[in-house]
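Some notes on the structure that comes next.
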Amino acid sequence: DQQVKQNSPSLSVQEGRISILNCDYTNSMFDYFLWYKKYPAEGPTFLISISSIKDKNEDGRFTVFLNKSAKHLSLHIVPSQPGDSAVYFCAASALGGGSQGNLIFGKGTKLSVKP
Amino acid sequence: DTGVSQNPRHKITKRGQNVTFRCDPISEHNRLYWYRQTLGQGPEFLTYFQNEAQLEKSRLLSDRFSAERPKGSFSTLEIQRTEQGDSAMYLCASSLNPYEQYFGPGTRLTVT
């Protein structure tokens, strides 16, 4: 039973446009959410995170939105660049529930940004 | 390079053999995590250390798997009597707090 779901295996976007990656979760104990980017043959790289007490967090071209009632979060990348082409993983943690920070990951969405 | 390092990067072994992987975390990080990633899946949590203490283990960590972090610095993950289902990327991550974990490049294990 997947607790973190990324229902789009892939996404293709034109350079300069907005990329929107979506993530849904089922566990209401999750209170901290992260996005990681992964290039082939490398480990995941931390991008941006959000606590459940917020509904938006922004860092440069990256913004994460959290809708707790819908158990949904999204990552917006604007403007998209060819170097953003990678697999993006959504991850969640239940820190308030006594978790030591172990992350539950989705299956990832492969983003391709075309020049 | 002050990031998380893992060795070896690749390991090919025959079924039934034992393998050991090493992770060197970022030096000031007291938290260390092991994850496993198979094709088409996200990383799955295996175990967590705070300093030298192993505080959490996933049910994925069968009795053939053992992890250590003897001096609270580097960590090793050993798999005994490997099976083909153990073929995966084994990822190590470290952090100072429970919020953001920094991952190493991983060790890709192939069991033939």
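Data table
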| item | result |
| --- | --- |
| Residue of A:86, A:70, A:94 that the Gaussian network model of chain A assigns the largest fluctuation, springs spanning Cα pairs under 10 Å | A:70 |
| Full-extension gain in nm, residue A:42 to residue A:68, via 0.36 nm per residue minus C-alpha separation | 6.2 nm |
| Shielding by partners, peptide B:35-43 (average Cβ within 10 angstrom, other chains) | 5 |
| Between B and A, accessible area buried - total, square angstrom, nearest 100, 1.4 angstrom probe | 1700 Å² |
| Accessible carbon and sulfur surface of the stretch A:1-89 relative to its total accessible area, %, 1.4 Å | 49 percent |
| Percentage relative contact order, the stretch B:10-51, counting C-alpha pairs under 8 Å, at least six apart | 31 percent |
| Carbon and sulfur %, accessible surface of the stretch B:32-112 computed with the full protein complex present, 1.4 Å | 45 percent |
| Other-chain or far-sequence residues with amide H under 5 Å of residue A:48's (modelled H) | A:35 |
| Shape category assigned to chain B from the gyration tensor of Cα positions, a/c cut at 1.5 | prolate |
| Residue-normalised accessible area of the stretch B:1-82, expressed per residue, 1.4 Å probe, Å² | 56 Å² |
| Mean Cα-pair separation over length for chain A, i.e. relative contact order, pairs under 8 Å, 6 or more apart, % | 37 percent |
| Average beta carbon contacts from partner chains per residue of B:100-112, 10 Å cutoff | 3 |
| Accessible area of residue A:59 in the full protein assembly, 1.4 Å probe (Å², nearest 10) | 90 Å² |
| Mean Cβ count within 10 Å, highest first, over the residues of peptides B:100-110, A:33-43 | B:100-110, A:33-43 |
| In Å², nearest 10: area of residue A:62 left accessible to a 1.4 Å probe | 30 Å² |
| Förster radius 30 Å - calculated FRET efficiency between residue B:53 and residue B:5 (Cβ-Cβ, nearest 0.05) | 0.85 |
| Within 10 Å of each Cβ in A:103-113, the average number of Cβ atoms from other chains | 3 |
| Residue pairs, from the table A:68/A:107; A:38/A:114; A:37/B:14; A:56/A:110; A:110/B:57, whose Cα atoms sit over 25 Å apart | A:37/B:14; A:110/B:57 |
| Mean separation of Cα contacts under 8 Å (6+ apart) over length of chain B, as relative contact order % | 37 percent |
| Pair residue A:76, residue A:58: separation of 7 Å Cα→Cβ label points (nm) | 0.8 nm |
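The values are calculated or read from the model by the stated rules, or taken from the named source; none is laboratory data. Remember, predicted model here, so these are calculated numbers, not experimental data. No Cβ is skipped: glycine too gets one built from the backbone with ideal geometry, and neighbour counts run over all protein chains shown. Surface accessibility is based on the protein's heavy atoms, side chains included, excluding ligands, DNA and RNA. Shrake-Rupley method; radii C 1.70, N 1.55, O 1.52, S 1.80 Å.
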